[in-house]
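Just below is one structure, and these are the notes that go with it.
Just so you know, all these numbers are worked out from the coordinates, no wet-lab data involved. If you're wondering where the values come from, they're calculated on a predicted model, not measured in any experiment. Quick reminder, even Gly has a Cβ in these numbers, built from the backbone with ideal geometry, and neighbours come from all protein chains shown.
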Amino acid sequence: MKISTLVSKIPASPTLSITAKVKELRAQGKDVIGFGAGEPDFDTPDNIKQAAIEAINKGVTKYTPVGGSPALKEAVCASIEADYGLQTTPDNVIVSCGAKHSLYNLFLTLFEQGDEVICAAPYWVSYPPMIEIAGATPVIVDTRSEGMKLTAAMVKEAITARTRGIIINSPSNPTGMLVERKELEEIARLCVEHDIIIISDDIYNKIIFDDKEFFSVATISPEVARRTFIINGSSKTYSMTGWRIGYCVGDATVIKAMTRLQSQSTSNPTSFAQEGAVVSLRSDQGIVEERRKIFEKRRDLIVSKIREIPGLDIIPPDGSFYSFPSIKGYLDRFGSAEGLADYLLEKVLVAVVPGEGFGADDHMRLSFATSEKNIIEGLERIKHALTAL
Ligand code: PMP
Ligand code: GLU
């Protein structure tokens, strides 16, 4: 059957494809080491699981309001006040089926044909396709020559009369980089001057290393907060990727329009998953810090192991659980990052995500949301495969 023109143009998410491929190979009995997964390897904390089980037993198994239960919206408002010092009300919140779904609703609600949305490369794989689904045009600002750090000067150069939005993702997937505070302040000033909406995807805001601090544009001034939409969710902070709970916080009129859109597509996110999310936000946050420390140790380990491999180069990530080394030293040999990723999978059963999908075809992404043992063994295998050339 004929596939619509719109869907024909959408690439499959490469991060999800690699994760699926690793699972398939493991099911065939292959000893694959996977650096593909964009999800914590930790289990969901027990108190969160128990809350969802109890919710099912209590009969919280029916539709909730489309944009999320009042209890979860209140919990999101409380966490926004704690983390950003911003006062919001449930009217400013929509809960969706993952942060990805909130972003999708937001792009579709705000952007259309003729609009341009600025997006720093290397970018998370789903931003450009989602902007395009909305009919708008992603304007890619390449940060590779500046050590993967988005600057206000780059943004200024990309602004045109058609610019309607900009995505800030700090720490970033896939680079792990934070955008410097002074750059964010200047970017925010440009956004006010040119009437640009800011999408602040803060999904890695609790996974930051070296005593660096999370800083959000939304906190710069009430004027900037008014034009900012904060995106976050349960997936990364609470190891709840399969629960599919994410949210967007921002202008109440836009949130209401997004809720209308959601009412004609998924309706509410799963009722008992929302109950788990309430507990995740309301309970003691000690486990988040414990896990952050583990990620930091793994970051140090993976960076040191990558640096032992000739031809690879890495800027240590400030946060997230991704390392994004340059593979320039091997491009001539393999022609592309995809070529190198295929070679590593075939030769030594190591799965990485090639850089093409992130807008950086001279890099590859290795997630360190995996054990130290896997990091040591996997990087040993990569070293062996590359030095054998
Ligand atoms: N934003 C970024 C930058 C991500 O890496 C992800 C990865 N899953 C998401 C949003 C979406 O997360 P989820 O839909 O699982 O909440
Ligand atoms: N965001 C994660 C990743 O980058 C999960 C997969 C996805 O949704 O892309 O791997």
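Quick notes on this structure:
- Helix 181-193 vs. the chain, principal-axis angle (Cα, 0 to 90°, nearest 10): 50
- Förster radius 22 Å - calculated FRET efficiency between Lys9 and Arg260, Cβ distance, rounded to 0.05: 0.30
- Cα centroid separation, the stretch 249-316 to the stretch 58-119: 14 Å.
- Helix 372-387 axis versus longest C-alpha principal axis of the chain: approximately 50°, rounded to the nearest ten.
- You can think of it this way: the chain between Thr89 and Gln113 has 5.5 nm of extra reach, that is 0.36 nm per residue less the Cα-Cα gap.
- The distance from the alpha carbon centre of the stretch 27-42 to that of the stretch 356-389 is 12 Å, rounded to a whole number.
- Along the chain, counting only trypsin sites (Lys or Arg not before Pro) with a DSSP assignment other than H, G, I, E or B and at most 11 other Cβ atoms inside a 10 Å radius, the longest segment between sites is 213-389.
- Comparing mean-square fluctuations of Pro11, Pro90, Pro174 from a GNM of the chain with C-alpha springs under 10 Å, the top value falls on Pro11.
- Which listed pairs, of Lys9/Lys256; Lys49/Lys305; Lys23/Lys49; Lys297/Lys383; Lys9/Lys212; Lys149/Lys256, have C-alpha distances above 31 Å, in listed order: Lys49/Lys305; Lys9/Lys212; Lys149/Lys256
- Rounded to the nearest 20, the Cβ-based charge dipole of the chain about its Cα centre (Lys and Arg +1, Asp and Glu -1) stands at 880 debye.
- Eigenvalues of the alpha-carbon gyration tensor of the chain, scaled by 5 and square-rooted, set the equivalent ellipsoid semi-axes at 32, 26, 21 angstrom, largest first.
- A Gaussian network model of the chain, with springs between Cα atoms under 10 Å, assigns the largest mean-square fluctuation among Ile187, Ile207, Ile315 to Ile315.
- Short-range pairs are left out: with C-alpha atoms under 8 Å and at least six residues apart, the relative contact order of the stretch 248-325 is 16 percent.
- Taking only the Cα atoms of the stretch 256-389, the radius of gyration and Dmax are 19.4, 58 Å.
- Within the chain, the longest run free of exposed loop sites, counting GluC sites (Glu not before Pro) that sit outside DSSP helix and strand states (H, G, I, E, B) and have at most 14 other Cβ atoms within 10 Å, spans 1-111.
- Between Ile315 and Lys49, the simple spin-label model (points 7 angstrom out along Cα→Cβ) gives 3.9 nm.
- Interchain or long-range residues, amide H under 5 Å from Ala351's placed H: Ile33, Gly34, Phe35
- Using alpha-carbon coordinates, inclination of helix 252-263 to the longest axis of the chain, degrees: 70
- Max mean-square fluctuation residue, GNM over the chain, Cα-Cα springs under 10 Å, options Thr15, Thr266, Thr151: Thr266
- Virtual spin-label span in nm between Lys293 and Arg144, 7 Å along Cα→Cβ: 3.8
- The 3J(HN,Hα) values that the Karplus relation (6.51, -1.76, 1.60; θ = phi - 60°) gives for the stretch 98-103 are, in residue order, x, 4, 4, 5, 4, 4 Hz. Gly and Pro appear as x.
- For Gly233, nonlocal amide neighbours, meaning residues 5 or more places apart or on other chains whose placed amide H falls under 5 Å from its own, are Tyr247.
- Efficiency of FRET from Cβ geometry, Ser336 and Asp31, R₀ 35 Å, rounded to 0.05: 0.85
- Rounded to the nearest 20 debye, the dipole size of the stretch 265-389 about its Cα centre is 280 debye, using +1 on the Cβ of Lys and Arg and -1 on the Cβ of Asp and Glu.
- Think of the stretch 218-348 as a dipole: +1 on every Lys or Arg Cβ, -1 on every Asp or Glu Cβ, centred on the Cα centre; then among Ser239, Ile315, Phe334, Ser239 lies furthest on the positive end.
- Length-normalised contact order of the chain in % [C-alpha pairs under 8 Å, at least 6 apart]: 23
- Of all DSSP beta bridges confined to the chain, the antiparallel ones make up roughly 45%.
- For Thr61, Thr137, Thr237, order by how many other beta-carbon atoms lie within 10 Å, fewest first: Thr61, Thr137, Thr237
- Put a plus charge on the Cβ of each Lys and Arg, a minus charge on the Cβ of each Asp and Glu, and nothing anywhere else: the dipole of the stretch 78-218 about its Cα centre is then about 220 debye.
- The HN-Hα couplings worked out from phi for the stretch 66-74 by the Karplus form 6.51 cos²θ - 1.76 cosθ + 1.60 (θ = phi - 60°) are 3, x, x, 6, x, 5, 6, 4, 4 Hz, whole numbers, x standing for Gly and Pro.
- Extending 7 Å from the Cα toward the beta-carbon at both Glu81 and Asp284 defines two label points whose distance is 2.3 nm.
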